[in-house]
There are 2 protein chains.
Amino acid sequence: MFRPQIKVLDCTIRDGGLINHWQFSDEFVRKVFIALSRAGVDYMEIGYKSSEKYFCRKENGAWKFCTEEDIKRIIGGAEMNMKLSAMADIGRIEAEDILPKSESVLDMIRVACYAKEVDKGISLAHQCMDKGYEVTINLMAVSKVLESELDEALNDLSKSNVPVVYLVDSFGAMYSEQIHFLAKKYSEALPGKDLGIHAHNNQQLAFSNTVDAIICGINRIDATIYGMGRGAGNCPLELLLSFLKNPKFDIRPIIEIIQELFIPMKAKMEWGYHIPYMITGILNEHPRSGMKAMAAETLPDLGQFYDDLKDNTPLD
Amino acid sequence: MFRPQIKVLDCTIRDGGLINHWQFSDEFVRKVFIALSRAGVDYMEIGYKSSEKYFCRKENGAWKFCTEEDIKRIIGGAEMNMKLSAMADIGRIEAEDILPKSESVLDMIRVACYAKEVDKGISLAHQCMDKGYEVTINLMAVSKVLESELDEALNDLSKSNVPVVYLVDSFGAMYSEQIHFLAKKYSEALPGKDLGIHAHNNQQLAFSNTVDAIICGINRIDATIYGMGRGAGNCPLELLLSFLKNPKFDIRPIIEIIQELFIPMKAKMEWGYHIPYMITGILNEHPRSGMKAMAAETLPDLGQFYDDLKDNTPLD
């Protein structure tokens, strides 16, 4: 038994690129593209659409920008069983930087925004829809906003034309209870829209929270190969595909590419479960202090790190 | 809000010892003992009670045997806020190897057995109760038994005097759905008894399945420091204590000892999420083939490993 409405989006290059400034070789991205396509994944999110006004090509690899030339260099000649997506962060892109769909190989733009800037998000999303793209809004960091602020954002979204809204656990702070509570809230506030889930793994709950979201009826599911993503990373694609019983999915190409590319990469670039990320997760904090701790030559005193972060966390 | 009935048992030395044949230094075990005691953990499972008839002291460290002398060497002089437990595996110990409680520093014996040998398990458990110990039965590998066989074992347990029975996901194969199904089955079959949960992390679900078990009313909870345990390991104690809102728990001593002892140890001895364990988990297989793959000098071809194990797994 499976639910054919479920669509899986892999965002390994986009979210994983937050670790290495998108410095992936073309060969790496092409192999990921082919493996995802063979595995039956529905969407590959290949990176961010960002304006070169705001970010420098020297510091950031191609997948911070996702120009048509960049993408065509990867997919040229390959079979195309999958749709392609890019993410646009509010404040880091102008609508005019996004080509009409007729001139792009991208199928979907996912607009990421905070609750307080949801109107800007909706505006950009509408412009992308007008240009012919599939569009979603990913409302980030909702574990930190007051419920009234979230309700207002959901109300704005309910009146928009945006067809898909994601529940995002940016800090890996949610337990199943919060997923069930928020999935119900989003469903009730957004009748007629599809919902998505994007989880982080600070408390080893990215996969289980994703399963809980599926149980709650959420159909648009984010994952990354071997869980690669910022900080503690994301829901591992190989676990998700194995859980979903849809026979169109095949985890073997994912197992192969994990062995070829991701196990060697993880030995050099540590994402996944580490105590600094666990601590930011349990305290519902942005992972940046954890990333700083992990990047240091030697780990700081973790007891002290915990005390400092706990004491700086507003308790209200 | 917390549930005061919840009792946490740490089995780092017992289950973690399955990786290194219990070759822990006395200093290591003593530091674990002190950290657990400070953290407010209810029980420390310090190892197995095994007969020296069956196992050799040369190959196995002290915690495969847990003699009184071994344990007293560790706890001598330390504050005692915690109860001590040892596990007895059916077929690896005789009842006469277990001293009367009046002559032992152990408080509890947990009897581990398979469903097919539950009568032997009950018999040993009753003898341990007669000797004055707290006693539990841990029914292993229930994801592999036919439901009728499990029902029969639960029926036998319901007629026994054993007060606590554990739901054990030996292969890390269960999703939340199975935890809910089995917790309900155990509750209904075992009125008046306390239930426990022991999870493995092959699919990164040990912690979330433990939370699900708590939601289902299970009160006896197993965990290990930094998730150390056979194969993919267990529910990480630091995540569990942070989730439980009982103010008696303090994760700081656990964070400290992870930094001092467990991060360095994990660099040499890999437990946790690895693809060979993921594969045995999704296929509901004993982790031994995964452990063999991980112990090899270079990983075998993981695509082939997956195919071989899948083809050898009965599909009925």
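The values are calculated or read from the model by the stated rules, or taken from the named source; none is laboratory data. From a predicted model like this one, the values you see are computed outputs, not experimental measurements. Neighbour counts are summed over all protein chains in view; Cβ atoms, including those assigned to glycine, are modelled from backbone coordinates with ideal geometry. Surface areas here come from the heavy atoms of the whole protein model, side chains and all, with no ligands, DNA or RNA. Shrake-Rupley method; radii C 1.70, N 1.55, O 1.52, S 1.80 Å.
The set of residues from the range B:139-155 being in a helix (DSSP H, G or I) and either open to solvent by less than 40 Å² (accessible area, probe 1.4 Å) or of a type in the set (Phe, Trp, Tyr) (or both) comprises B:VAL142, B:SER143, B:LEU150, B:ALA153, B:LEU154. Considering only residues that are open to solvent by 40 Å² or more (accessible area, probe 1.4 Å) and in a loop (DSSP other than H, G, I, E, B), which ones fall in the range B:9-23? Scanning the range B:9-23 gives B:HIS21, B:GLN23. Within the range B:64-88, being more than 15 Å from B:ILE109 (Cα to Cα) and small (Gly, Ala, Ser) holds for B:GLY76, B:GLY77, B:ALA78.
For the range B:245-279, the set of residues classified as over 25 Å from B:GLY172 (Cα atoms) and among the basic types (Lys, Arg) consists of B:LYS245, B:LYS248, B:ARG252, listed by residue number. Answer yes or no as to whether B:ASP194 is more than 27 Å from A:LYS310 (Cβ to Cβ) and open to solvent by 40 Å² or more (accessible area, probe 1.4 Å). So B:ASP194 fits the description; yes. B:ILE255 satisfies every condition listed in (1) open to solvent by 40 Å² or more (accessible area, probe 1.4 Å); (2) free of Cβ contacts under 8 Å to residues at least 24 places away in the same chain except (1). If you go through the range A:157-177 and keep only what is assigned to a helix (DSSP H, G or I), crowded, with 17+ Cβ neighbours inside 10 Å and not aliphatic (A, V, I, L, M), you end up with just A:SER176.
Residue-wise test of (1) over 30 Å from A:LYS248 (Cβ atoms); (2) of a type in the set (Lys, Arg); (3) modelled with pLDDT under 95.
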| position | (1), (2), (3) |
| --- | --- |
| A:ASP97 | yes, no, yes |
| A:LYS101 | no, yes, no |
| A:TYR114 | yes, no, no |
| A:LYS120 | yes, yes, no |
| A:LEU139 | no, no, no |
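What number of residues in the range B:37-68 are charged (D, E, K, R) and modelled with pLDDT of 95 or more?
Taking the range B:37-68 as the starting set, the residues that turn out to be charged (D, E, K, R) are B:38, B:42, B:45, B:49, B:52-53, B:57-59, B:64, B:68.
Retained after the next criterion (residues that are modelled with pLDDT of 95 or more): B:38, B:42, B:45, B:49, B:64, B:68.
So the count comes out to 6.
Quick check on my filter: what residues within the range A:178-201 are aliphatic (A, V, I, L, M) and assigned to a loop (DSSP other than H, G, I, E, B)? Result: A:LEU190, A:ALA199. Kindly list, by first and then second residue, each pair from a residue in the range A:153-176 that is under 24 Å from A:PRO276 (Cα atoms) to a residue that is in a loop (DSSP other than H, G, I, E, B) and acidic (Asp, Glu), limited to pairs with Cβ atoms under 9 Å and residues at least 6 apart or on different chains. Sorted first by the residue in the range A:153-176, then by its partner, the pairs are A:PHE171/A:GLU285; A:ALA173/A:GLU285.
Determine if the range B:224-238 includes at least one residue that is among the β-branched types (Val, Ile, Thr) and surrounded by fewer than 19 Cβ atoms within 10 Å (Cβ to Cβ). No: zero hits. Taking the stated definitions as given, is A:GLU52 open to solvent by 10 Å² or more (accessible area, probe 1.4 Å), assigned by TED's automatic domain parsing to the domain that holds A:LEU237, part of a helix (DSSP H, G or I) and over 17 Å from A:GLY229 (Cα atoms)? No, not satisfied.
Only a single criterion out of (1) within 29 Å of A:LYS184 (Cβ to Cβ); (2) at the interface with another protein chain (Cβ under 8 Å from one of its Cβ atoms); (3) not charged (D, E, K, R) is not satisfied by A:ILE258, namely (1). Does any residue of the range B:213-221 turn out to be buried (at least 24 other Cβ atoms within 10 Å of the Cβ), within 14 Å of chain A (Cβ to nearest Cβ) and within 23 Å of B:ILE6 (Cα to Cα)? Yes, the range B:213-221 contains at least one residue that is buried (at least 24 other Cβ atoms within 10 Å of the Cβ), within 14 Å of chain A (Cβ to nearest Cβ) and within 23 Å of B:ILE6 (Cα to Cα).
Within 12 Å of chain B (Cβ to nearest Cβ), surrounded by fewer than 18 Cβ atoms within 10 Å (Cβ to Cβ) and without any contact (Cβ under 8 Å) to a residue 24 or more places away in the chain: is that true of A:ASP250 in this structure?
Working: within 12 Å of chain B (Cβ to nearest Cβ): yes; surrounded by fewer than 18 Cβ atoms within 10 Å (Cβ to Cβ): yes; without any contact (Cβ under 8 Å) to a residue 24 or more places away in the chain: no.
Considered against the rule, which asks whether it is within 12 Å of chain B (Cβ to nearest Cβ), surrounded by fewer than 18 Cβ atoms within 10 Å (Cβ to Cβ) and without any contact (Cβ under 8 Å) to a residue 24 or more places away in the chain, A:ASP250 comes out as no.
Which is within 13 Å of chain A (Cβ to nearest Cβ), within 21 Å of B:MET294 (Cβ to Cβ) and under 19 Å from the mean Cα position of the chain (by Cα), of B:ALA199, B:ALA267?
Details: B:ALA267 fails: under 19 Å from the mean Cα position of the chain (by Cα).
When all the criteria are applied, what remains is B:ALA199.
Mind listing whichever residues of the range B:79-96 are buried (at least 16 other Cβ atoms within 10 Å of the Cβ), not in a loop (DSSP other than H, G, I, E, B) and not hydroxyl-bearing (Ser, Thr, Tyr)? Passing the criteria: B:LYS83, B:LEU84, B:ALA86, B:MET87, B:ALA88, B:ASP89. The number of residues in the range B:281-312 being among the β-branched types (Val, Ile, Thr) and under 14 Å from A:ILE251 (Cα atoms) comes to 1. State yes or no: is A:GLN204 assigned to a loop (DSSP other than H, G, I, E, B), within 14 Å of chain B (Cβ to nearest Cβ) and closer than 30 Å to A:GLU270 by Cβ? Criteria met by A:GLN204. Here B:HIS274 passes the criteria (1) over 30 Å from A:PRO253 (Cα atoms); (2) open to solvent by 10 Å² or more (accessible area, probe 1.4 Å); (3) within 9 Å of chain A (Cβ to nearest Cβ) except the one numbered (1).
Please verify whether the range A:278-300 includes one or more residues that are surrounded by fewer than 19 Cβ atoms within 10 Å (Cβ to Cβ) and facing chain B (nearest Cβ under 8 Å). Looking for residues that are surrounded by fewer than 19 Cβ atoms within 10 Å (Cβ to Cβ) and facing chain B (nearest Cβ under 8 Å), one finds at least one in the range A:278-300, hence yes.
From A:CYS66, A:CYS113, grab the single residue that is surrounded by 15 or more Cβ atoms within 10 Å (Cβ to Cβ), touching a Leu at 6+ places or on another chain (Cβ under 9 Å) and in a loop (DSSP other than H, G, I, E, B). First the steps, then the outcome.
Values: A:CYS113 fails: in a loop (DSSP other than H, G, I, E, B).
Step by step, each of A:CYS66, A:CYS113 is checked, and only A:CYS66 is surrounded by 15 or more Cβ atoms within 10 Å (Cβ to Cβ), touching a Leu at 6+ places or on another chain (Cβ under 9 Å) and in a loop (DSSP other than H, G, I, E, B).
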